[in-house]
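In what follows, a structure is listed as structure tokens, so that the remarks can point back to it.
The values are calculated or read from the model by the stated rules, or taken from the named source; none is laboratory data. Being a predicted model, the structure only gives us computed values, none of them experimental. Positions of Cβ are backbone-derived with ideal geometry, glycine not excepted, and every protein chain shown enters the neighbour counts. The protein model used for the area step is the full one, side chains on, heavy atoms only, and it has no ligands, DNA or RNA in it. Shrake-Rupley method; radii C 1.70, N 1.55, O 1.52, S 1.80 Å.
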Amino acid sequence: MRLISMQNSVPVSDDLHHQPAAKRARGSRKIAGRALVLLASLGFLLVLFIQILHTTGTSTAGFSDWRPILIAYPVWAVAFGIGQVLTRGERGQRALFLLPAVFFTVAVVIFPTIFGIYIASLDWNLSSIEGPRFSGFDNVRGMLNDTYYWNALGNMVFYTAAVLGEYAIAFGLALLLSAEIRARKFFRVVFLLPMMLSPVAVSWMIGKSLMEYRFGPAATLARYLGWDNPAFFASPWMARFSIQAMDAWVSIPFIMIILLAGLQAMPKEVQEAAKVDGANGWQSFWHVTFPIMLPVSITVLIIRIIFKLKLADLVINVTAGGPGGATDTVSSFIYRVYRDRSNVGYGTALAMVYLLMIIVLLTVLLRLSKRWTQKIV
Amino acid sequence: MTRSTLALKPVQRRPAAPRAKRTLSRVLIYAALLFWTIICLFPIYWTVTTSFKSAVDVTQAHLVPWVDFQPDWKGWRSLGLSPDTLFGTSTARSEFANRFVNSIITSVGASLLALILGSLAAYGLSRFRYKFAWMRNDDILFFFMSQLILPPVVLALPFLVLYKALALLDTRLGLVLLYTLTVLPIVIWIMRDQFNAIPIELDEAAFVDGLSTWGAFLRIILPLAVPGMMAAFILSLVLCWNEYFFAALLTSTDAKTLPVMVASQTGSQGINWWSMAALSTAAIAPLVLVGIFLERYIVSGLTTGAGK
């Protein structure tokens, strides 16, 4: 009792004896901060506990869904932030910059990913009567024999390799835009536009109407140029190229704009020096511009590959993977496993294996790229 | 001295390079520019004009309005957006308006949330040294950036189950949270470059003037970072507005967004080209306008970071 009353008296004495109180006040703030965090944590755990009891049926008291947890979490996070400032002062204020993003990401990623690993080990088909059943690594074993999955992975190799082509075109366009031209702003806006369009809309605009076999303008043009049977989505390789062309159309502007930003940030003297030394256009590009742009290039290539590995909406909406899985990406294939076969456990297992492959691939890429960029700089 | 003699060199050489060659390269540059302009604009032009065509004009590939074909509000009438149907009641229009509002709320909401969270984290990472267990600044940055590689398929199903429990299925809030996650790494990436480009002496001057850490950030640094924030916001907006995968899986009636509506229309075979074209045009129009009017912010916002 006595202890508590003493603590309470501290803020009162704060104003009266300014100098000596400061130290004690900090101590009390520390305690107040700790108490706040403790209280908030207890409250959060209490809500969680009640809800778990309610869901498992041990207790009738509780809420109809887990919404309260959703509210309790930010409240706890805010309390934790205030607690940080109270206990750690300036350093707590600094931590406050980072904490919101950390709490958000942890809440939204960590739990679903762990839960996803759990689902991946289940034999769970929504259309069968029996519910989820634990099956360990059965899904992964099934995957090894799934030719469609390996086929989709093979397609991903093609799509990913095609990023280099997109990059080459985008670099060309960026160089064109940074050359001395009239109406530069107009061209820049126009070249950027495809990036703004939704892939779903593009899949109709280009895939289903422009490239339409009977009277799409692209088919008409192809006939005029001497291709008798302009079926863009009939043969496997043609379909793959068509999907890739559409994806390139949408994504080249992004690569271009980053490269353009890099070109604009490049010191003008370097290129002038190359000119002075008598280098022609190709030489000054290959020996000056390209090496200077290499770090930017590698960054944009890696980001582009990351996005390419997620490619799904175009394929789902234009070909649905056909003909015979020739255009399937891993994402679109898993989408069909979910939607058409309702095979939840298997689909998630495929996704998890895919994630592992991506992590390995990107780790290797990042290591390699670090070596290259260091060599240049 | 040496510099001036070097600079003279090309002047002496220039006559050797014939004028014709320069003209040729000009012509080639403009030809390439025009070619790519056509590639960029033709699909948009085709979609917009098709929304005014009747069946005959579509099948006969008529291209130029008033010359080839007589434009008609056909596609827009089916959406309830043509002049004669605009003030009547239309179920198609109210559905479209609902999806449109959903798309705006989810994409703007997610972009704003990501911008706030991302700017704060980026500023912290660019100015202070953190230590959390074994993680230093670089590790924390990598933790954020690594969220970028998560393919939507990995998160799709866990989120479906999670959102069901949280009663977030088919709500805009659910989509906002998920979209924020997908664009947060990009915002942090752009904003960190932006803050790194602002000299740290400005912060120190602010401290000397008696501002606190947060005061210096909010009143001195943040106003200087507006170009980067615009670029990050627009890029997030583009990604969120166009997102299809999660929206298709996590919404059914209330929170459906425009891409899902467009996709569900393309799926049915007997759909009219003109109404499909009108729908696509309406779906891409907002971002096309954003692209035309805010394009300079994207480039200028990215330029500060790309230099390194």
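Using only DSSP helix segments of four residues or longer, with each worth -39500 (n - 2.57), what per-residue ellipticity at 222 nm results for the protein assembly as shown after dividing by its residue count and rounding to 500?
-24000 deg cm²/dmol
Run the numbers on chain A and let me know its relative contact order in percent, using alpha-carbon pairs under 8 Å that are six or more apart.
Worked out over chain A, it gives 20 percent.
In the Gaussian network model of chain B, springs joining C-alpha atoms below 10 Å, which of B:Lys74, B:Lys256, B:Lys21 carries the largest mean-square fluctuation?
Result for chain B, Cα springs under 10 Å: B:Lys21 fluctuates most.
Under a GNM of chain B (C-alpha, springs under 10 Å), which listed residue has the highest mean-square fluctuation: B:Thr89, B:Thr50, B:Thr182?
B:Thr89
List the residues of the stretch A:200-223 whose accessible area drops by at least 50 Å² when all protein chains are present, compared with their chain alone, using a 1.4 Å probe and counting only protein heavy atoms.
A:Val200, A:Trp204, A:Met205, A:Leu210, A:Phe215, A:Pro217
5 Å is the cut-off here: which amide hydrogens, built 1.01 Å from N in the peptide plane, fall below it relative to A:Leu122, excluding neighbours closer than 5 in sequence?
Under 5 Å from the amide H of A:Leu122 lie the amide H atoms of A:Ser135, each far enough along the sequence or on another chain.
Hey, can you find the accessible area per residue of the stretch A:18-120 for me, probe 1.4 Å, expressed in square angstrom?
59
Pop out the carbon and sulfur fraction of the accessible area of the stretch B:43-95 as a percent, whole number, probe 1.4 Å.
Ligands and nucleic acids excluded, carbon and sulfur reach 65 percent.
Which residues, if any, in the stretch A:92-120 have at least 40 Å² less accessible area in the whole protein complex than in the isolated chain, probe 1.4 Å?
The answer is A:Gln93, A:Arg94, A:Phe97, A:Leu98, A:Ala101, A:Phe104, A:Thr105, A:Val108, A:Val109, A:Pro112, A:Phe115.
What is the distance, in nm, between label points placed 7 Å from the Cα along the Cα-to-Cβ direction at B:Arg219 and at A:Val106?
Roughly 3.3 nm, to one decimal.
What are the ³J(HN,Hα) values, in whole Hz, obtained from phi via the Karplus relation 6.51 cos²θ - 1.76 cosθ + 1.60 with θ = phi - 60°, for each residue of the stretch B:28-41 in sequence order, with x given for Gly and Pro?
4, 4, 5, 4, 5, 4, 5, 4, 6, 4, 5, 4, 6, 8
Can you compute 3J(HN,Hα) from phi for each residue in the stretch B:154-161, using the Karplus curve 6.51 cos²θ - 1.76 cosθ + 1.60 with θ = phi - 60°, rounded to whole Hz and x for Gly and Pro?
Calculated HN-Hα couplings, in order: 5, 8, 3, 6, x, 5, 4, 5 Hz.
Percentage of Cα-Cα pair distances in the protein assembly as shown greater than 46 Å, rounded to whole percent?
28
Loop by DSSP (not H, G, I, E, B), at most 12 other beta-carbon atoms within 10 Å: where is the longest site-free stretch of chain A for GluC sites (Glu not before Pro)?
Value returned for the longest uninterrupted segment is A:181-377.
Find the accessible area per residue for the stretch A:142-376; the probe is 1.4 Å, ligands and nucleic acids are left out, and the unit is Å².
It amounts to 42 Å² per residue over the stretch A:142-376.
Could you work out which residue, out of A:Gly278, A:Gly324, A:Gly116, moves most in a Gaussian network model of chain A, that is, has the largest mean-square fluctuation with Cα springs under 10 Å?
A:Gly278
Per residue of the stretch B:174-179, in order, report the coupling 6.51 cos²θ - 1.76 cosθ + 1.60 (Karplus, θ = phi - 60°) as ³J(HN,Hα) in whole Hz, putting x for Gly and Pro.
Those phi angles translate into x, 5, 4, 4, 5, 5 Hz.
What is the percent carbon and sulfur in the accessible area of chain A, measuring with a 1.4 Å probe over the protein chains and ignoring ligands?
C and S fraction of accessible area: 67 percent.
How high is the FRET efficiency between B:Ser25 and A:Val364 when r is their beta carbon distance and R₀ equals 45 Å, given to the nearest 0.05?
Calculated transfer efficiency: 0.65.
Output the relative contact order of chain B, whole-number percent, from Cα pairs under 8 angstrom with separation of 6+ residues.
Relative contact order here is 26 percent.
Please give the FRET efficiency for A:Lys185 paired with B:Asn272, using the beta carbon to beta carbon distance and R0 = 45 Å, rounded to the nearest 0.05.
Computed FRET efficiency for A:Lys185 and B:Asn272 comes out at 0.75.
With 30 Å as the limit, write out which pairs from B:Lys53/B:Lys256; B:Lys74/B:Lys256; A:Lys30/B:Lys131; A:Lys185/B:Lys21; B:Lys131/B:Lys256; A:Lys268/B:Lys131 have Cα-Cα distances beyond it, or answer none.
Distance filter (> 30 Å) returns B:Lys131/B:Lys256; A:Lys268/B:Lys131.
May I ask for the distance between the Cα centers of the stretch B:87-157 and the stretch B:198-254, given as a whole number of Å?
11
With +1 assigned to the C-beta of every Lys and Arg and -1 to the C-beta of every Asp and Glu, and no other charges, what is the dipole magnitude of the stretch A:142-376 about the Cα centre in debye, to the nearest 20?
300
Could you work out the mean count of beta carbons from other protein chains within 10 Å of each residue's beta carbon in A:181-193?
Whole-number average of other-chain Cβ neighbours for A:181-193 is 5.
With a 1.4 Å probe on protein heavy atoms only, work out how much accessible surface A and B bury together, total over both chains, in Å² to the nearest 100.
8700
As an exercise, use a Förster radius of 45 Å and the Cβ-Cβ distance of A:Thr147 and B:Arg296 to find the FRET efficiency, rounded to the nearest 0.05.
0.35
For a quick check of your reading of the filter: which trypsin sites (Lys or Arg not before Pro) in the stretch A:160-209 sit in a DSSP loop and have no more than 16 other Cβ atoms within 10 Å?
Of the trypsin sites (Lys or Arg not before Pro), the ones in loops of the stretch A:160-209 whose Cβ has at most 16 other Cβ atoms within 10 Å are A:Arg182.
Which peptide among A:94-101, A:82-89 comes first, and what is the full order, when sorted by highest mean count of other Cβ atoms within 10 Å?
Per-residue mean Cβ counts within 10 Å order the peptides as A:94-101, A:82-89.
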